[in-house]
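The values are calculated or read from the model by the stated rules, or taken from the named source; none is laboratory data. In this text the structure is predicted, and so the values were computed from the model without any measurement. So basically every Cβ, Gly included, is an ideal-geometry build from the backbone, and we count neighbours across all protein chains shown. Calculation scope for accessible area: heavy atoms of the full protein, side chains included, ligands and nucleic acids excluded. Shrake-Rupley method; radii C 1.70, N 1.55, O 1.52, S 1.80 Å.
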Amino acid sequence: MARRTVAIIGPHSSVTAHVITHIANELQVPLLSFSALDPTLSSLQFPFFIRTCHSDLYQMTAIADLVNYHDWKDVIAVYLDDDNGRNGIGALGDKLAERRCRISYKAPLSPDASMEEITNVLVQVALAESRVIVVHANTQFGPKLFSVAKNLGMMGTGYVWIATAFLSALLDINSPLSPDSLDDIQGVLTPRMYIPDSQLKRRFASRWKNLTSGNTANAHLGLSFLPLYAYDTVFVLAHALDAFFKQGNQITFSTDSKLSSLHGDNLNLEALKIFNEGNLLRSNIYEVNMTGVSGPFKYTSDRNLVNPAYEIINVVGTGTRRIGYWSNYSGLSVVPPETLYSEPANLSRENQKLFPPIWPGNTGERPRGWVFPNNGRLLKIGVPKGVSYKEFVSQIKGTDMFEGFCIDVFLAAVNLLSYAVPYKFVAYGDGKSNPSMTELVRMITTGEFDGAVGDIAITTERTRMVDFTQPYIESGLVVVAPVRKSESNALAFLAPFTPNMWCVTAIFFILVGAVVWILEHRVNDEFRGPPKKQVVTVLWFSFSTMFFSHRENTVSTLGRFVLIIWLFVVLIINSSYTASLTSILTVQQLYSPIKGIESLVIGKEPIGYTQGSFARNYLVQELNIDESRLVPLTTPEEAAKALRKGPENGGVAAYIDERAYTDIFLSSRCDLTVIGQEFTRNGWGFAFPRDSPLAVDLSTAILQMIDSGDLQRIHDKWLLSSACLSQGAKFEVERLQLKSFWGLYMICGLACLLALFIYLIQIWRQYHKHYVSEELHSTDGQNIGSKSSHLKTFLSFVDEKEETFKSRSKRRKMERISYRNSEGSLSISSNQGYASRRSECASEV
């Protein structure tokens, strides 16, 4: 550096680069590194550090995608405890967290660790729960670690080993590896820096092979990504310097005042000079755009190389097998990344694909990725110890064992798992009162319990704390209240319809009768006669259609049209009335002053709930019911007693509980029943810590039990009981309302209006044709009368029978024709006399 350096290439180690970068920044000398891949070496903190290879940040992103692709949630990180190792694993942890995964255990190793120290660390790893192990080391340390893992039996079935790019570099540099070394890493996955094939690359590989092999070579050295990026680094600097000089720049140096003030040491720091044009050269480096042996070489706006990509390599047999690719543009794929750059970016989970690898133990079956810790510890499963409904959960007296519906479901699901679950049941509660299920779930988050099994409802509050399995029984909140039989009365025949329904139906009977009378009055003798008789006819005809017993025949087309539609409406109304009345008179009816949860919300009566249930929080927080109205009830007997006493005698008006409980509660209490429908939709599930794989596997087992019918058989064993006969009774009268029939009435009304409209047009045309035209003709354009006289004439015309009108019209027509004929004969005779006189005069002339 004392020789006035303008650029630095290297160093090989990220640890060394952290030190030298400070010097490069002080002297403003660009530091180009193709092997210091530590993601914390950024251009923001170190402006003159220029990475000419892809950062380890992308490699860790590829590994995180690989973990997420196989649905693993926890990984163990084994790494060298230096800057590069710590920072790389830190980046991996960040990328895993973005995918809801995590590093569950970190196992740092000293770079100078002995075989014994490595063994001790890996023994601790073997005792952990996760079986997905990520190794971040170097080409010297990595083989030692895998050799120890092989000796400990950790390279067998069930394990997943993912090594960072050091292993792929080792495979390329020392290809082929010795059989013993390959045997230590069978089934390991590792990313390899992807360099697309090109003529430049093939030419470089040929020259490299000639250089590193043969008699003149010191030792065989395979081609990894490092020589390719080192070669391009030199060319990038050459391009930048060429552009620098073409811009007319000069190389000058100046003294650093900070270093000049340091004396009395042997480092000779005052000899170091600042490169004045360092910023210009750095800018030229970032502006280089070329195609090198490593492919397109260009920097992005964040000063990283474009198109970072890796091959995913699987060590199998005597070599390796590529199972796919990763790029920051398309994620995991089975086609080369450059073929996807022309398509829209798609990082969706459905678009991620890899070929199936061969895992450690020479198996193609994907490892589960976790086991129960091999430390002899049993999972502590909390079981609520309550006093209500022993059918679901109860402790066997004198033992620490439990029985019941929930316990049998859990045991059956565990037996379906492909692995053993070491657990023990731990009672939660004093057995004198029902424990809080929410508090039991909260104790899982504190680590006091590893899970919870019992009648635990899945609620929003609880799902924020733990993960639940698939619900194994549906159970929402319902209202239970006392009921009494509804006695019949003398007006029971009116019960099927509401008052509005009765009124509208009566109006339509009269309306349709009147419309048919209007349409039939001029053409049908049965609808004619004195006014009193016509009123009786209209009422008789309309109401007799209810029983289809009308005797009057309809003659007009419009009348028949209206009647057909009305008879269809009557048919529907009759059928509905008959069915409803039959149900009312034959099925036992029950009555309760409580109409459902809505009436409880607006009321003031006390409400009971099961102690320890989530019903209390729901009623207070969601329905805004005053807490003073809520009465905790411990046992079913206490709840039944409070309901029968009623609010007047110190009891409760209603009892809120889950449907699964009430089915048992009501099976032997016929004077109580469920009012309304479930007003929440909940189910029961088993609770486990967040992201617990056991919750997922047990959910799958529960679904298998549902499909096979095992869950129903367990249900019938514990919960099948004879229902009270009153539970089949109908609750109150379901009266038919107008809203169920308004469509029929609307159709009938429109048909009546349409028929009347057509009828009035026809009448008006007849009246205008035969009356108005005759009046105009008879008066010869003189005043034809007032409007009142016209109205009287029109009404008389409407009331007149059509047959009489037609005969009179025909007679008048004949009279007009005869009149015109008589006038015509007189005119002809006068014309003939005139002609004879003219002929006589002509003769005389």
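May I ask you to say which residue of 403, 338, 343 is acidic (Asp, Glu) and under 31 Å from the mean Cα position of the chain (by Cα)?
On the way: 403 fails: under 31 Å from the mean Cα position of the chain (by Cα); 338 fails: under 31 Å from the mean Cα position of the chain (by Cα).
Being acidic (Asp, Glu) and under 31 Å from the mean Cα position of the chain (by Cα) holds for just one of 403, 338, 343, which is 343.
Give the residue, chosen from 389, 325, 341, that is in the same structural domain as residue 126 (by the TED database), part of a loop (DSSP other than H, G, I, E, B) and either within 26 Å of residue 98 (Cα to Cα) or in contact (Cβ under 8 Å) with a residue 40 or more places away in the chain (or both).
Numbers: 389 fails: in the same structural domain as residue 126 (by the TED database); 325 fails: part of a loop (DSSP other than H, G, I, E, B).
341 is the lone residue from the list that is in the same structural domain as residue 126 (by the TED database), part of a loop (DSSP other than H, G, I, E, B) and either within 26 Å of residue 98 (Cα to Cα) or in contact (Cβ under 8 Å) with a residue 40 or more places away in the chain (or both).
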Exercise. Can you tell me which residues in the stretch 633-648 are touching a residue at least 24 places away in the same chain (Cβ under 8 Å), farther than 16 Å from residue 390 by Cβ and not small (Gly, Ala, Ser)?
Worked result: 633, 643, 644, 647
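Please work out which residue is most open to solvent (accessible area, probe 1.4 Å), limiting yourself to the stretch 131-146 and to residues that are part of a loop (DSSP other than H, G, I, E, B) and touching a residue at least 40 places away in the same chain (Cβ under 8 Å). Walk me through it before giving the result.
Just the residues of the stretch 131-146 that are part of a loop (DSSP other than H, G, I, E, B), to begin with: 131, 137-141.
Then drop every residue that is not touching a residue at least 40 places away in the same chain (Cβ under 8 Å), which leaves 131, 137-138, 141.
On the way: 131: 24, 137: 17, 138: 55, 141: 9 Å².
Per the criteria, the residue is 138.
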Seminar exercise, completed: Inside the stretch 219-242, the number of residues satisfying the requirement of being over 14 Å from residue 50 (Cβ atoms), among the charged types (D, E, K, R) and buried (at least 18 other Cβ atoms within 10 Å of the Cβ) is 0
Seminar exercise, completed: When the stretch 196-214 is checked residue by residue, the ones that are more than 13 Å from residue 228 (Cα to Cα) and open to solvent by less than 50 Å² (accessible area, probe 1.4 Å) are 212, 213
For this session: Please find, among 391, 439, 403, the residue that is acidic (Asp, Glu), open to solvent by 20 Å² or more (accessible area, probe 1.4 Å) and within 17 Å of residue 614 (Cα to Cα).
Result: 439
Problem set entry | Qualifying strands (runs of 3 or more DSSP E) (wholly inside the stretch 247-293; at least 1 residues being at pLDDT below 90 and loosely packed, with under 15 Cβ neighbours inside 10 Å) | 253-255
Exercise. Among the numbered criteria (1) open to solvent by less than 50 Å² (accessible area, probe 1.4 Å); (2) under 20 Å from residue 395 (Cβ atoms); (3) modelled with pLDDT of 90 or more, which single criterion is violated by residue 431?
Worked result: (3)
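Looking only at strands (runs of 3 or more DSSP E) that fall completely inside the stretch 559-668, which ones have 1 or more residues that are at negative phi, outside the structural domain of residue 545 (by the TED database) and open to solvent by 30 Å² or more (accessible area, probe 1.4 Å)?
589-591, 630-633
When you look at residue 454, is it surrounded by 16 or more Cβ atoms within 10 Å (Cβ to Cβ), at pLDDT 90 or above, in a loop (DSSP other than H, G, I, E, B) and at positive phi, yes or no? Step through it out loud before you land on a result.
Working: surrounded by 16 or more Cβ atoms within 10 Å (Cβ to Cβ): yes; at pLDDT 90 or above: yes; in a loop (DSSP other than H, G, I, E, B): yes; at positive phi: yes.
The answer is yes for residue 454.
Filter the stretch 55-75 down to residues that are of a type outside the set (Phe, Trp, Tyr) and part of a loop (DSSP other than H, G, I, E, B), then give me how many there are. Lay out the reasoning, then the answer.
Our first condition is that a residue be of a type outside the set (Phe, Trp, Tyr); within the stretch 55-75, this holds for 55-57, 59-68, 70-71, 73-75.
Then keep just the ones that are part of a loop (DSSP other than H, G, I, E, B); that gives 55, 70-71, 73.
Residues flagged as of a type outside the set (Phe, Trp, Tyr) and part of a loop (DSSP other than H, G, I, E, B) within the stretch 55-75 amount to 4.
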Exercise. When you scan the stretch 10-54, how many residues do you find that are open to solvent by less than 10 Å² (accessible area, probe 1.4 Å), of a type in the set (Ser, Thr, Tyr) and in a loop (DSSP other than H, G, I, E, B)?
Worked result: 1
Problem set entry | Filter result (open to solvent by 30 Å² or more (accessible area, probe 1.4 Å), part of a strand (DSSP E or B) and without any contact (Cβ under 8 Å) to a residue 60 or more places away in the chain) within the stretch 76-130 | 103, 104, 105, 106, 108
